[in-house]
Amino acid sequence: MRFSTLEELKELCKEESLSIGQLMVKEQALETGRTEIEVIGQMSAYYEVMKEAVHRGLSEDTTSRSGLTGKDAQRVSSYMDHTAPSLGAESCTAMAYSLAVSEVNASMGRIIATPTAGSCGIIPGVFVSTQERFRWEDSHMVYGLFAAGAIGYVIANNSFVSGAEGGCQAEVGSAIGMAAGALTELRGGTPEQSVHAVGLALKNSLGLICDPVGGLVEIPCIVRNGFGAVTALAASDMALAGVRSVIPSDEVIDVMLEVGSAMPEKHRETAKGGLAQTPTGRSIMNRLYGKGGQAIT
Amino acid sequence: MRFKDVFSIIGPSMIGPSSSHTAGAVRLGRCARQALGSSPEEAVIRFYGSFADTYMGHGTDLAITAGIMDYDTDDERIRDSIRLAANQGIAISFQSELKPGPHPNTAAILLRKGDRSVRMTGCSIGGGNIEMVGVNGFDVKFTAIYPTLLIYHRDRSGILAEITDIAKYTGINISYMEVDRKSRNGEALTVIESDQPFRHEAIARLELLPDVREISVIDLTIREEAR
């Protein structure tokens, strides 16, 4: 890839008069020696999996293997049928779709890791709901996924995208930044506005710890995906309105690395702290693994 | 760069719930299976760190078993893999280790078929990406993103030139290469990652090189059905 920072990505787009998505398609083809049609084909297939996951999460039994979670997307969806949600219907739909995909993941269904499985709901939630709302073509969405991928590529290589390394900010936080930047481009924003959207979004999740109950990708991961979709919409709106990330987005990514590196091990996916070690978190864990068995105390 | 392309960020397509504990585990299992070259009769899996703590909840046991049967990360059969493996007569056991591994998510896999066996250690580094760190006592470091060759040979001067010469004449562009040896003039392992799949001709020529003992091909880019 010819870029390693968001600044370089933005400048390349400017020089070559390409959107972030268009540039990433070319870079990917170049990097892998495959044709642009091939790489677009693979991403299109991934988008179909995302849409299928939204559908399954809203219609099938998504009770997880542990029995701890499931069907929250369906709860939100039926609530919307008879009550006007405070969020507004559009944001609430994005939230429901995001929960749906996360619940499919927790119940061992098929999803696309974006960038990880723990954060797999946010991009489909934002993409599928806005596609329906603005009646975008699938091909438009696929370029959007390349834009999200370009942003994630920069974050992953300059910071991290796994909870075990950098906490939830690295997973859910990165996904929100990717979704916010990509949505900004899908709605006609410039690469510069997209990059601002990333910085604005990331600042809102800095410091978020990874503290899954029982070590499972369920509590609080699933609801954080729901919240994440809403935050991505908000960050994109701010950027499209002209709000700027005064601290440049690349510097915000550096902060994520700094904060994540300083994060105690107990708050990095080990289930040794945070929500996992609350009295209720511990009792759930004991119920799942039995005292002394697969204990994570 | 730890993450090399767009599909290491958007992707893989996978069965949940965890890219590191499930999808990465499938790929670790597949690496070992392909290094063995066929379906094993016996598999012993030792989990370290977070894998040891949470493998049951994440289905890491199902995932690694699926990999050992050469399934890809998004195969719906992952949910039933342990039962399917038992039906195929594969004896699988899991052990949790208390001591830490080289990474929070590490598995050591021993596969055996007849008198052939392979022992591999690998880490799941996030987003379904893996790093293999040990093969049959050799220290390695490869990601299996690309088609990978494991060439077991005797340590002697000139052998690397002979290997890369064959690569040159069979159209293999080496994207990464490493060598580890157990002793001077002793057993050595050369790992080659390539941009292209390895053709039979290239492997046949490598096998004919003096002092090359054995070659394994690991290619996670090919689906099981197409193999």
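Every number here is computed from the coordinates shown, using simple stated rules; none is lab data. All figures in this text were calculated on a predicted structure; none of them were measured in a lab. Note: ideal-geometry Cβ built from the backbone for every residue, glycine included; neighbour counts use all protein chains shown.
Pairs with C-alpha atoms separated by more than 28 Å, drawn from the list A:Lys203/B:Lys4; A:Lys10/A:Lys266; A:Lys266/B:Lys182; A:Lys272/B:Lys113; A:Lys14/B:Lys4; A:Lys26/A:Lys71, are A:Lys10/A:Lys266; A:Lys266/B:Lys182; A:Lys272/B:Lys113; A:Lys26/A:Lys71.
For chain B, the 222 nm mean residue ellipticity estimated from helices alone, with every DSSP H stretch of n ≥ 4 adding -39500 (n - 2.57) and the total spread over all residues, rounds to -7500 deg cm²/dmol.
The angle separating the long axis of helix A:138-158 from the principal Cα axis of greatest extent in chain A is about 70 degrees.
Determine the sum of side-chain charges near A:Tyr79: Lys and Arg each +1, Asp and Glu each -1, restricted to other residues whose C-beta is under 14 angstrom from that of A:Tyr79. Intermediate results must be reported in sequence, preceding the final value.
Working: positive: A:Lys71, A:Arg75; negative: A:Asp72, A:Asp81.
Around A:Tyr79, the charge tally is 0.
Based on alpha-carbon atoms, the Kirkwood radius and the radius of gyration of chain A give Rg/Rh equal to 0.98. Site pair B:Ala86 and B:Asn185 shows an inter-label distance of 5.2 nm when each label is modelled 7 Å from Cα along Cα→Cβ.
Answer rounded, prolate or oblate for the stretch B:29-125, using the Cα gyration tensor with square roots of eigenvalues a ≥ b ≥ c: rounded when a/c is under 1.5, else prolate when a/b is larger than b/c, else oblate.
Details: a/c = 1.70, a/b = 1.26, b/c = 1.36.
It is oblate, given that a/c is not under 1.5 and a/b is not larger than b/c.
With a ≥ b ≥ c the root eigenvalues of the C-alpha gyration tensor of the stretch B:122-227, is it rounded (a/c under 1.5), prolate (a/b larger than b/c) or oblate? Since a/c reaches 1.5 but b/c is at least a/b, the shape of the stretch B:122-227 is classed as oblate. If you take every residue apart from A:Val230 with its C-beta less than 12 Å away from the C-beta of A:Val230, what net charge results, scoring Lys and Arg +1 and Asp and Glu -1? Neighbourhood net charge equals -1. Ordering B:Ala25, B:Ala204, B:Phe51 by the projection of their Cα atoms onto the charge dipole of chain B, which places +1 on the Cβ of Lys and Arg and -1 on the Cβ of Asp and Glu, puts B:Phe51 at the extreme positive end.
For chain B, what is Rg from Cα atoms divided by 2.2 N^0.38 Å, rounded to two decimals?
Numbers: Rg = 17.1 Å, N = 227, 2.2 N^0.38 = 17.3 Å.
In units of the 2.2 N^0.38 Å rule of thumb, it is 0.99.
In chain A, the DSSP-assigned H stretches of four residues or longer account for a calculated mean residue ellipticity at 222 nm of -20500 deg cm²/dmol, using -39500 (n - 2.57) per stretch and the full residue count as denominator.
With respect to chain A, whose longest principal axis is taken over its alpha-carbon atoms, helix A:122-134 is tilted by about 60°.
Look at the stretch B:20-30: the mean tally of other chain Cβ atoms within 10 Å of its residues' Cβ atoms is 3. For A:Arg75 and A:Thr278, the FRET efficiency from 1/(1 + (r/R0)^6), where r spans their Cβ atoms and R0 equals 25 Å, is about 0.60.
Ignore the peptide's own chain and count Cβ atoms of other chains within 10 Å of each Cβ in B:123-132; give me the average, rounded.
Counting Cβ atoms of other protein chains within 10 Å of each residue's Cβ and averaging gives 5.
Computed over chain A with a Gaussian network model linking Cα atoms closer than 10 Å, the most mobile of A:Val104, A:Val223, A:Val195 is A:Val223.
Per residue of A:157-170, how many C-beta atoms from partner chains lie within 10 Å of its own C-beta, taken as a mean? Before the final figure, lay out the partial values.
Values: counts 6, 1, 0, 5, 9, 10, 4, 10, 5, 1, 0, 0, 0, 1.
What the average comes to for A:157-170 is 4.
Take every Cα-Cα pair in the protein assembly as shown and report what % of them are more than 29 Å apart. Of all Cα-Cα pairs in the protein assembly as shown, 50 percent lie more than 29 Å apart. Multiplying the residue separation of B:Met1 and B:Ile222 by 0.36 nm and subtracting their alpha-carbon distance yields 77.2 nm.
Over all directions, what mean area does the Cα convex hull of the stretch A:1-144 project, stated in square nanometres? Mind dumping the intermediate values first?
Numbers: hull surface 41.3 nm².
If I average the Cα hull's projected area over directions, I get 10.3 nm².
The calculated FRET efficiency for A:Ala262 paired with B:Asp211, based on their beta-carbon distance and R0 = 60 Å, is about 0.75.
Taking the Cβ of A:Pro248 as the center, what net charge do the other residues with Cβ under 14 Å away carry, scoring Lys and Arg +1 and Asp and Glu -1? Numbers along the way, then the final one.
Numbers: positive: A:Lys10, A:Lys203, A:Arg244; negative: A:Glu7, A:Glu8, A:Glu11, A:Glu192, A:Asp250, A:Glu251, A:Asp254.
Net charge around A:Pro248: -4.
Using only Cα atoms and rounding to the nearest 10 degrees, what angle (0 to 90) does helix B:24-36 make with the longest principal axis of chain B? The two axes meet at around 40 degrees.
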